[in-house]
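Everything below concerns the one structure shown next.
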Amino acid sequence: MPERRKKRGPMIDFLLIGLIISLTTIILVIILSKDDFKFQKISASKETDTNSITSNLSTESSAFPGIRIVTDVSNDKRTPFAIHYPETDNKAFNDAVLKYITDSKENYLSSMKKNKDKEAMGELNISLETFPYQKHYYSFVLTKTLYTGGANPDISTKTFFINHETGKLISIETLLNNDENNLSALATYVRKDLQQNPKLKEDLFKDDVIKSTEPKWSNFHRFAIVDSSLQFYFDEYEIASGVAGPQTVKLPLSLINPLLASEFQIAMEKPTKPVNVGDPNQKRIALTFDDGPHPKVTEQILNTLDKYNAKATFFMLGSRVQYYPDIARDVLARGHEIGNHSWDHPVLTKLPLEQAVNQYTSTFAEIEKAINHKPTVFRPPYGATNDTINAQIPIPVVLWSIDTLDWKHRNAQQLLPNVKNNIHNNAIVLMHDIHQSTADGLDAVLAYLQGQGYEFVTVSEILPYRQK
Ligand code: ZN
């Protein structure tokens, strides 16, 4: 092979090189002169060529009809980036998204240009999450991680909420029916959520929280509807120290439903009587969970209940609700009943009456503060109560008819046998949502009871049948 090369004259080499140079020039001119689908020229500054970066742009369809995901990647040595953003058939929406993306890139490239350390490597990453809501609403959450040579990356969030049918962007003003009163109520919820978050205690910038949650529309522009909550985003350092990172406040839709314009409201479940009222053949059972909420166990139980479309009742301790108000809200948002189980689980009959009643009232207040709803039933710890105490409690005092002894055996396999051996119609089953074994054994219990034709109802729903 080297023999053959040598035979080619220097003139031919020269011509070939000339041809390659001309072709490359022509191709470059074509690329740079128009915005092609595959390539895009980004200029942070027109004066120099150091900031001209060729990036790879590709568009793919997504799991959501009519929504495409654009990926924009550059492997540039000093200023690499990876960006994902949504695209629809609506030009106004696409322009708004692209403006954010272009601004982000230009800021990044110009910051890197200003960085004197020419060895320093930057990074820009914009990730995208898409959340559908109802028939044709979508929330897009773009999370930007920007590193321009400082000690830590900056993390910030940008959101877009659209009606996919009309293609239009929807603002927080529209979502709240352009009503300042709704805005004030919402601002109060967001502020309380931040101030009462036990994980933020030390790290919260108290004055900034007040400022960032003043009832101004501009304070609430970063929002998304994710599953059954309206979420608001706060950037790193905006309201808390870097240790705490960026913050998301989640308000259950069931809580803020009255603040939303009617087209965004959820259909609230009415606590109506079961469909088969008076049907003596309808089997029903009320599952109850005491001593929570618990960040892990309660959530697992909620997921299992959802799987069987089962409603249950959670008797909560005030002392735990104060630490986990989010979970209490989630329990309510998912259609369950919330009961009062005292503040910190004492034997009420051994306390002076005033203290016993205080256990009830303080928990009542804590639950109402957390979920914006009053607890509807009361269960004394250990079932220990008397007529004097009961006379002070204005809501039904409810014990149980099947004790699973889950607190004692702590065995997931033992939960079902203990229910099965004591099963009867209109039973109230006692369990605890603080033991992992209870959460693990629940699926088998629900599968069995459903197979036996039981309807899963709340305590308030089953009480009329028990009093007969
Ligand atoms: Zn208890």
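The set of residues from region 347-361 being open to solvent by less than 60 Å² (accessible area, probe 1.4 Å) and more than 16 Å from the ligand (Cβ to nearest atom) comprises just one member, VAL357. Out of region 380-392, which residues are assigned to a helix (DSSP H, G or I), open to solvent by less than 40 Å² (accessible area, probe 1.4 Å) and within 14 Å of the ligand (Cβ to nearest atom)? PRO381, GLY383, listed by residue number.
Does at least one position in region 124-139 carry a residue that is in contact (Cβ under 8 Å) with a residue 12 or more places away in the chain, over 24 Å from the mean Cα position of the chain (by Cα), farther than 21 Å from VAL226 by Cα and surrounded by fewer than 17 Cβ atoms within 10 Å (Cβ to Cβ)? Scanning region 124-139, I find no residue that is in contact (Cβ under 8 Å) with a residue 12 or more places away in the chain, over 24 Å from the mean Cα position of the chain (by Cα), farther than 21 Å from VAL226 by Cα and surrounded by fewer than 17 Cβ atoms within 10 Å (Cβ to Cβ), so the answer is no. Restrict the check to region 331-346 and report whether at least one residue is away from the ligand (no atom under 16 Å from the Cβ), under 23 Å from ASP193 (Cα atoms), among the acidic types (Asp, Glu) and surrounded by fewer than 21 Cβ atoms within 10 Å (Cβ to Cβ). Looking for residues that are away from the ligand (no atom under 16 Å from the Cβ), under 23 Å from ASP193 (Cα atoms), among the acidic types (Asp, Glu) and surrounded by fewer than 21 Cβ atoms within 10 Å (Cβ to Cβ), one finds none in region 331-346, hence no. Sub-6 Å Cβ pairs linking a first residue in region 379-392 that is touching a residue at least 40 places away in the same chain (Cβ under 8 Å) to a second residue that is part of a loop (DSSP other than H, G, I, E, B) and surrounded by 12 or more Cβ atoms within 10 Å (Cβ to Cβ), at least 6 apart or interchain, are ARG379/HIS341; ARG379/VAL398; PRO381/SER342; PRO381/HIS345, ordered by first then second residue. Within the group ASP72, ASP76, ASP154, which residue is under 23 Å from the mean Cα position of the chain (by Cα) and surrounded by 14 or more Cβ atoms within 10 Å (Cβ to Cβ)? So the residue among ASP72, ASP76, ASP154 that is under 23 Å from the mean Cα position of the chain (by Cα) and surrounded by 14 or more Cβ atoms within 10 Å (Cβ to Cβ) is ASP154. Determine if region 376-392 includes at least one residue that is modelled with pLDDT under 95 and among the basic types (Lys, Arg). No, region 376-392 contains no residue that is modelled with pLDDT under 95 and among the basic types (Lys, Arg).
Filtered by the rule that a residue be of a type in the set (D, E, K, R) and either under 22 Å from ALA333 (Cα atoms) or not in a loop (DSSP other than H, G, I, E, B) (or both), region 200-221 gives LYS206, ASP207, ASP208, LYS211. Scoring ASN309 on the criteria (1) modelled with pLDDT under 95; (2) within 14 Å of the ligand (Cβ to nearest atom) leaves a single failure, condition (2). Taken over region 284-296, the residue count meeting the criterion of being within 14 Å of the ligand (Cβ to nearest atom) and in contact with a Ser or Thr (Cβ under 9 Å, 6 or more places away or on another chain) is 3. Of the residues examined, TYR133 is not one that is at pLDDT below 95 and under 21 Å from GLY245 (Cβ atoms).
The single condition among (1) touching a helix residue (DSSP H, G or I) at 6+ places or on another chain (Cβ under 7 Å); (2) assigned to a loop (DSSP other than H, G, I, E, B) that GLU173 does not satisfy is (2). The criterion of being hydrophobic (A, V, I, L, M, F, W, C), modelled with pLDDT under 95, open to solvent by less than 60 Å² (accessible area, probe 1.4 Å) and in the same structural domain as ALA444 (by TED's automatic domain parsing) holds for ILE395.
The values are calculated or read from the model by the stated rules, or taken from the named source; none is laboratory data. A quick note: this is a predicted structure, and the numbers were derived from the prediction, not measured. Glycine also receives a Cβ, built like all others from the backbone with ideal geometry; neighbour counts cover every protein chain displayed. With ligands, DNA and RNA removed, areas are computed over all heavy atoms of the protein, side chains included. Shrake-Rupley method; radii C 1.70, N 1.55, O 1.52, S 1.80 Å.
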